[in-house]
1. Say a site is exposed when it is one of the GluC sites (Glu not before Pro), sits in a DSSP loop, and has at most 13 other Cβ atoms within 10 Å; what is then the longest site-free stretch of the chain?
2. Given contacts defined as C-alpha pairs under 8 Å and at least six residues apart, what's the relative contact order of region 21-67, whole-number percent?
3. What are the chymotrypsin sites (Phe, Trp or Tyr not before Pro) within region 30-75 that DSSP puts in a loop, where the Cβ has at most 15 other Cβ atoms within 10 Å?
4. Calculate, in nm to one decimal, what His60 and Ala39 gain on full extension: separation in residues at 0.36 nm each, minus their alpha carbon distance.
5. Around Met21, which amide H atoms from residues at least 5 apart in sequence, or from another chain, sit under 5 Å from its own amide H, with H modelled in the peptide plane?
6. State the label only: which of (1) 14.2, 47; (2) 16.2, 50; (3) 25.0, 86 corresponds to Rg and Dmax of the Cα atoms in Å computed from the shown model?
7. Specify the angular offset, from 0 to 90 degrees and rounded to the nearest 10, of the alpha carbon long axis of helix 46-67 from the longest principal axis of the alpha carbons in the chain.
8. Among Arg24, Arg49, Arg59, whose mean-square fluctuation peaks in a Gaussian network model of the chain (Cα, cutoff 10 Å)?
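Only the coordinates and a few stated rules stand behind these numbers; no lab work does. Owing to the predicted nature of the structure, the values given are computational and were not obtained by experimental measurement. Cβ: placed from backbone, ideal geometry, glycine included. Neighbour counts: every protein chain shown.
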Amino acid sequence: MAAIHDTVTPPPSPCINICRMDERSGLCEGCLRSIDEIAGWSTLDDDARRAVWDAIETRHAEWVAQRFEPQGEKP
């Protein structure tokens with residue numbers, strides 16, 4: 001998303017209205033934020049919001065990699 005790294009436009013909220021906390025990961029199943037990131041979003045400056053988006057992108061990439069890892073093959 002271009003707006004995330006655009007330094008002029010404020011980063012949008014990652015919330016997609018699927019608000020369920022995963023007990024095991026501690027992340028929201030919809031937006032992949034922690035409860036602290038969700039609670040603090042409104043007080044974060046734009047740089048901190050971009051850092052949260054960066055963390056979400058990393059978490060999503062890790063989730064995709066785990067989801068599509070061949071079964072039975074563990075290093």
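1. On the way: sites that count: Glu23, Glu29, Glu73.
Longest site-free region, per DSSP loop and neighbour criteria: 30-72.
2. Details: 21 pairs, mean separation 12.8, N = 47.
27 percent.
3. Details: sites: Trp41, Trp53, Trp63, Phe68; in loops: Phe68.
Qualifying residues, ordered by number: Phe68.
4. Working: separation 21, 0.36 × 21 = 7.56 nm, distance 2.01 nm.
Full extension of this stretch gives 5.5 nm more.
5. Counting only residues 5 or more places away or on other chains, the set is Glu29.
6. (1)
7. 10 degrees
8. Arg24
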